[in-house]
Amino acid sequence: MMDQAESLRRKIFEKFGKEPEKEMEPVKSGLVKIYAVVSGKGGVGKTNISVNLSIAMAKKGKKVLLLDADIGMTNADIIMGLHYEYDLFDYLEGRAELKDIIYEGPMGIKAISGGSGLLEMESLSEENQEKLIEELINLGGFDVMIIDNGAGISKETLSFMTFAHEVILVTTPEPTALTDAYRVLKTLSHYGLKSSVKLIVNKVSSKEAGDEAYEKLFATCSNFLHIELENCGYIFDDIRLEKAIMNQEPVLMSYPQALSSRNIEQIAGIILEETVFTKNISTLKQLGNRFRKIFGT
């Protein structure tokens, strides 16, 4: 009888045309805690949350690296008001050194852009993926990595979700957003990649609206997907958040006392309370091995 690991290998091979190696064990907490921030659809505020969550964690004393992995369509730099001379693909193609593509953002966070053109979208080969993860492993200097993924499900997003210690799913109370969020959860359950996911509900008009959105997804997860859905909190509609975006500034920097800023600070605290940081560099090597397994390199 085909065991679970073999079944998973077959499913990923059939879906994406690349068969990973058999072992796909979860990466244990090590030198770096890695969070993959995802969403079922665009327009729910995923990137904005990734940026401000990075800043909130930095304010709590963490050294944070933000990897904008929305390949070819990155825009975290716009929210932070940064101008990248070089991006990830300049480094991978030998036009820049690793230090040249790491920029300092608000509150001292480090940021890497995945590029913003069609060429970049076609350039993330398996060889480049391996080079990226190995160099990030050797980079050091940070204890939290937040990966802002593209909206929806793709081979790259699926791999980064598997590669991360934790998946943070961002949605809004809108029916279409909840439907697409469910599809992300269903994909994770289908491949058996994650047994738990953290949820942030953005753009809520009231606590009751947030509760209702969470409870809808929680019920489906419990009844059909067998995924533990952790409620990390809600971010309320806030005009100052919209103003900050228009000014190309993170709301935590422009309006630190705004309701949305306080929501994000609270969510960061909830997430970090569950994080165990150790100094075992070998587990970071395991992370690279797992990334390569997903891509079959």
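Considering only residues that are at pLDDT 90 or above, assigned to a loop (DSSP other than H, G, I, E, B) and of a type outside the set (A, V, I, L, M), look in the stretch 250-281 and name the one that is surrounded by the most Cβ atoms within 10 Å (Cβ to Cβ).
Of everything passing the filter in the stretch 250-281, Pro250 is surrounded by the most Cβ atoms within 10 Å (Cβ to Cβ).
Exactly one condition in (1) small (Gly, Ala, Ser); (2) buried (at least 22 other Cβ atoms within 10 Å of the Cβ); (3) at pLDDT 80 or above; (4) in a loop (DSSP other than H, G, I, E, B) is not met by Ala111; state its number.
If we test Ala111 against (1) small (Gly, Ala, Ser); (2) buried (at least 22 other Cβ atoms within 10 Å of the Cβ); (3) at pLDDT 80 or above; (4) in a loop (DSSP other than H, G, I, E, B), just (4) comes out false.
Every residue in the stretch 193-249 that is closer than 18 Å to Thr172 by Cα, acidic (Asp, Glu) and surrounded by fewer than 14 Cβ atoms within 10 Å (Cβ to Cβ), please.
Scanning the stretch 193-249 gives Glu208, Glu215, Glu242.
Return only the number of the condition from (1) of a type in the set (Phe, Trp, Tyr); (2) under 19 Å from the mean Cα position of the chain (by Cα); (3) modelled with pLDDT under 90 that Tyr103 does not satisfy.
Here Tyr103 clears every test but (3).
Take Leu136 and tell me if it is buried (at least 20 other Cβ atoms within 10 Å of the Cβ) and at pLDDT 90 or above.
no
The values are calculated or read from the model by the stated rules, or taken from the named source; none is laboratory data. Keep in mind that what you see is a predicted model, and the values were worked out from it rather than measured. Cβ coordinates were reconstructed from backbone atoms using ideal geometry, including for glycine residues, and neighbour counts include every protein chain displayed.
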